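One structure below.
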DNA sequence: CCATACTGACTGATCGATCAGTCAGCTACG
DNA sequence: CGTAGCTGACTGATCGATCAGTCAGTATGG
């Protein structure tokens, strides 16, 4: 019930260290089994360290989960912010498609780095974003609300016909579409008998950009209809 | 691994029975804590039965989870199919908006029946749909792929400009948008300072229909651009 | 010499599952 | 009618396994 008082963890993790090994292992295990389903023992085993070392560095399983989330979402959101800022240097030439691209591309590029099946952090991101669990909601608020506001502001700037309210809906719905991409369940492949391969990320992303931009522009159109 | 040989469970559950009480309790507990996070003990306690009774009726925790999923998804998908079939009686007058409405409305109406915060089965649906876990993927395939094919077929019929491939993408992306609605994390409310209330289901649904139809129509437009 | 990094051995709690056994109700037979 | 035989529903007690977390103690490098 703490409320607003929450701080971002970002403690400089030296690559190649045991701590990094633990976080890598945690990413794989949490991605496969979820928070409750994962065991600290398995993470320790995969990282090649004693279980007690995890508690030594991170104190609790929850802290470990947060540290792992913080590391990757830092990477992702720095890349997103950089792409967005670069676009907004010349605001008049920015197209909606560019903003949507900046929203999704960093997520898939770092999210699929680890784990043998390319699932990695993306899977964790999906479950955190969709969870009603208090822990997950808190993480979403701390690590993803700031960048969300940046993108919502950008939408309002480059599409002046969009109300603030519709911009928030547009953002939420678009993130929902992105979840389809990141969950990587193989369902689209199954439903299409192979035509829609959700492991072909480039193809999928180009379809998503078309769909999402169409959705956002429809919200603008609707607003104009309401005014007239 | 098993493969195609999977059967739909649908064993006629008498309402008011102890079995129904167990399923109701399971729905609430699984929705709040997920599969791994939920305990059979807590479900038994909430249902007011001995823990052993759950194992007597369902044998394993997994079977219980499947039975619970089967019951609600049966309800939801029967309603969806009925709405869709009624629309397709007069295929020429059907608008895309009607199909999208048929896709989402039954889900929210039965999905929010149980559980104090109105979360109920919707939350379970979200996690099953986005999970890469084998158990969840199997459930999605058995209980949701058939209705998915129906909707994809309907999209192709009423929007002839849509290729089969883009219809599958359209379906997947739209389901992704629907997840935003069903997860009910309160994030849209937070990001909009109250303007976008994700507990106001009617408002949310009307925005979703606009967005989703815009997205689908954009995929049609893109196909035409490719041909020219 | 001392702090930091690290470990093996351990704890109490909780997990899903199993067990023998109770009990109400039904059937069959004399 | 009555009672023996049987069944399905259900329970309390308890199983071994596994969980997150603790702690005393060791190794190591500046």
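What follows draws every value from the coordinates through simple rules; no lab data is involved. Just so you know, these numbers come straight off a predicted model, no measurement behind them. Note that we place each Cβ from the backbone using ideal geometry, even for glycine, and neighbour counts take in every protein chain shown.
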>> Give me B:62, A:141 sorted ascending by neighbouring Cβ count inside 10 Å, so fewest comes first.
In response: B:62, A:141
> How big is the equivalent ellipsoid of chain B along its three axes, where each semi-axis is √(5λ) from the Cα gyration tensor, reported in whole Å from largest to smallest?
Replying inline: 34, 21, 16
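Determine how many Å³ per residue the convex hull of the Cα atoms of the stretch B:133-228 encloses.
Values: hull volume 12.7 nm³, N = 96.
Once divided by residue count, the hull of the stretch B:133-228 is 132 Å³.
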> Over the Cα atoms of the protein assembly as shown, Rg to Rh with Kirkwood Rh, two decimal places?
Replying inline: 0.96
>> Whole angstrom only: what separates the Cα centroid of the stretch A:129-206 from the Cα centroid of the stretch A:23-61?
In response: 28
>> Using helices alone, I'd like the mean residue ellipticity at 222 nm for chain A: each DSSP H run of four-plus residues gives -39500 (n - 2.57), total over residue count, nearest 500.
In response: -24500 deg cm²/dmol
> Please state the relative contact order of the stretch B:153-228 as a whole percent: Cα pairs under 8 Å, 6+ residues apart?
Replying inline: 34
> Taking the label point as lying 7 angstrom from Cα along the Cα-to-Cβ axis, what are the distances from residue B:81 to the corresponding position in the remaining copies, in ascending order and in nanometres?
Replying inline: 5.1
>> If each residue of separation counts as 0.36 nm, what is the full-extension length gain between residue A:51 and residue A:149 once their alpha-carbon separation is subtracted?
In response: 31.4 nm
> Got the relative contact order for chain A handy, in percent, Cα pairs under 8 Å and 6 or more residues apart?
Replying inline: 19
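Taking neighbour Cβ counts within 10 Å as the exposure measure, how do A:66, A:27 sort from fewest upward?
Exposure proxy ranking, most exposed first: A:66, A:27.
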>> How far, in nm to one decimal, is residue B:105 from itself in the other copies if the label point is set 7 angstrom along Cα toward Cβ? Shortest first, please.
In response: 4.1
> In nm, to one decimal, how far is the residue B:59 label point from the residue A:202 one, both placed 7 Å along Cα→Cβ?
Replying inline: 4.8
> If you take the beta carbon distance between residue A:20 and residue B:193 as r and set R0 to 30 Å, what does 1/(1 + (r/R0)^6) give as a FRET efficiency, to the nearest 0.05?
Replying inline: 0.20
> How much FRET efficiency would the formula 1/(1 + (r/R0)^6) give for residue B:39 and residue B:93, where r is the Cβ-Cβ distance and R0 is 41 Å, rounded to 0.05?
Replying inline: 0.20
>> Could you work out the pair-distance distribution P(r) of the stretch B:76-177 from its alpha-carbon pairs, with 5 angstrom bin width and percents rounded to whole numbers?
In response: 2, 12, 21, 24, 20, 12, 7, 2, 0
> Can you list, shortest first in nanometers, how far residue A:18 lies from the same residue in the other copies, with each label 7 Å from Cα toward Cβ?
Replying inline: 5.2
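Can you sort B:99, B:89 so the residue with the fewest Cβ neighbours within 10 Å comes first?
B:89, B:99
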